[in-house]
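Participant: Below you will find the structure I want to go over with you.
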Amino acid sequence: DQDIEPGTTARFATAKRIIRQAGVMAKDYFDRYDELEIETKSGRQDVVSVADRDVEDFIRREIIASFPLDGLIGEERGADATETDYTWTIDPIDGTAVFLHGLKSWCVAIAILKEGVPVAGLVYDPCADDLFSAATGHGAERNGRPIAVDSQTPFDGGFLVVGASKPEQSHHIGQLIEGILAAGGIFMRNGSAALTLAHVAAGHYLGYYEPRLSSWDCLAGLLIVREAGGLADDFLSGRDIMASGPAFAAAPQVHDQFKALTLRGT
Ligand code: 2AM
Ligand code: CA
Ligand code: CA
Ligand code: CA
């Protein structure tokens, strides 16, 4: 068991408060989702609304109030350089598309990095009032109670989640889904990378793969999976924190089989 640095402990505690407040703010918007104007970014399926921007602005203000020199990277407001060892990634609403269609599978996600390495992750689902959190070496929790991956159920007895959002991923994802079904597995998708990873950590899904995500989508959830006894690839693995890349996480007993299938059609 590793000791957490005092600086990390302080930030982790602050993050738990901030993410719950941010979740309440997001939920207030969600309760009138059908009144929000849907704006597009890179294409018709890449959507955003005032809710995403307001929630990110709130989170940024709250972090700055406590840790003014830390670096911040958020999906909607970009990156500010750090003048400390710490950087935070912020996804104010992960699952914006499902949020704007009135589905409840979205969340707020925050990761804390020290010298470029994730040391704490938080995923808050306001609709379920579930706060998933983990700090490196200290296990994963849901609302303060320890959680663990499902390390018993075999590949053909549980759910594998596959995400994708780009037309050019169709061949690769088609091959993967074919492989999952051919092996007797079941594929799922809820529209939020961060919430999916939290649900892998809590034992609801056996694994998750998505070919192209950003750090704010998945660093928090990957750390929570690892601390819950799952196997998660190192998303950054030496790359820049602004780079996108594949995210992969799995319960130990399905890791090799699921990993091999994700390499099909690439
Ligand atoms: P978002 O809701 O914060 O944008 C689901 O497949 C995951 O992909 C979510 O984490 C979602 O994050 C992200 N996502 C959804 N549509 C996307 C798009 N068009 N481009 C990039 N990422 C997207
Ligand atoms: Ca988005
Ligand atoms: Ca996201
Ligand atoms: Ca988002």
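The values are calculated or read from the model by the stated rules, or taken from the named source; none is laboratory data. Keep in mind that this is a model prediction, so the values were computed, not measured. Positions of Cβ are generated from backbone atoms using ideal geometry, with glycine treated the same way; all protein chains shown enter the neighbour counts.
Participant: Just to verify a result, which residue in the range 85-117, among those that are of a type in the set (S, T, Y) and within 18 Å of A13 (Cα to Cα), is farthest from the chain's Cα centre (by Cα)?
Facilitator: Residues of the range 85-117 that are of a type in the set (S, T, Y), as a first pass: 86-87, 89, 96, 105.
Next, from what is left, pick out any that are within 18 Å of A13 (Cα to Cα): 86-87, 89.
On the way: Y86: 19, T87: 16, T89: 10 Å.
That would be Y86.
Participant: Let me ask something else about it. What residue, of T8, T96, is modelled with pLDDT of 95 or more, β-branched (V, I, T) and under 14 Å from L122 (Cα atoms)?
Facilitator: T8
Participant: Listed residues G163, G157; which is modelled with pLDDT of 95 or more, more than 15 Å from V225 (Cα to Cα) and loosely packed, with under 15 Cβ neighbours inside 10 Å? Lay out the reasoning, then the answer.
Facilitator: Numbers: G163 fails: loosely packed, with under 15 Cβ neighbours inside 10 Å.
Being modelled with pLDDT of 95 or more, more than 15 Å from V225 (Cα to Cα) and loosely packed, with under 15 Cβ neighbours inside 10 Å holds for just one of G163, G157, which is G157.
Participant: Test G174 against the criterion of being at pLDDT 95 or above, among the small types (G, A, S) and away from ligand 4 (no atom under 16 Å from the Cβ), and give yes or no.
Facilitator: yes
Participant: Any idea which residue in the range 44-78 is nearest to W106 (Cα to Cα), counting only those that are away from ligand 1 (no atom under 16 Å from the Cβ) and surrounded by fewer than 15 Cβ atoms within 10 Å (Cβ to Cβ)?
Facilitator: Only one residue fits best here, namely R61.
Participant: Right, here's the next one. If you check A135 against the conditions, is it touching a Ser or Thr at 6+ places or on another chain (Cβ under 9 Å) and at pLDDT 95 or above?
Facilitator: Details: touching a Ser or Thr at 6+ places or on another chain (Cβ under 9 Å): yes; at pLDDT 95 or above: yes.
Spelling it out, A135 is indeed touching a Ser or Thr at 6+ places or on another chain (Cβ under 9 Å) and at pLDDT 95 or above.
Participant: Check off (1) more than 21 Å from the chain's Cα centre (by Cα); (2) in a strand (DSSP E or B) for S133 and give me the number that stays unchecked.
Facilitator: In the conditions (1) more than 21 Å from the chain's Cα centre (by Cα); (2) in a strand (DSSP E or B), S133 misses (1) alone.
Participant: Taking the residues in the range 137-148 that are under 16 Å from the mean Cα position of the chain (by Cα) and touching a residue at least 12 places away in the same chain (Cβ under 8 Å) as candidates, determine which candidate is farthest from P211 (Cα to Cα).
Facilitator: The extreme case among them is R142.
Participant: In addition: Go through the range 161-176 and report how many residues are within 14 Å of A247 (Cα to Cα) and either over 22 Å from the mean Cα position of the chain (by Cα) or among the small types (G, A, S) (or both).
Facilitator: 3
Participant: Quick one: would you say D125 is within 16 Å of ligand 1 (Cβ to nearest atom) and either among the β-branched types (V, I, T) or in contact (Cβ under 8 Å) with a residue 60 or more places away in the chain (or both)?
Facilitator: yes
Participant: Kindly indicate whether Q21 is under 21 Å from G221 (Cα atoms) and of a type in the set (S, T, N, Q).
Facilitator: yes
Participant: Just to be sure I understand, how many residues within the range 214-249 are within 16 Å of ligand 2 (Cβ to nearest atom) and closer than 20 Å to D80 by Cα?
Facilitator: Of the residues in that region, 9 qualify.
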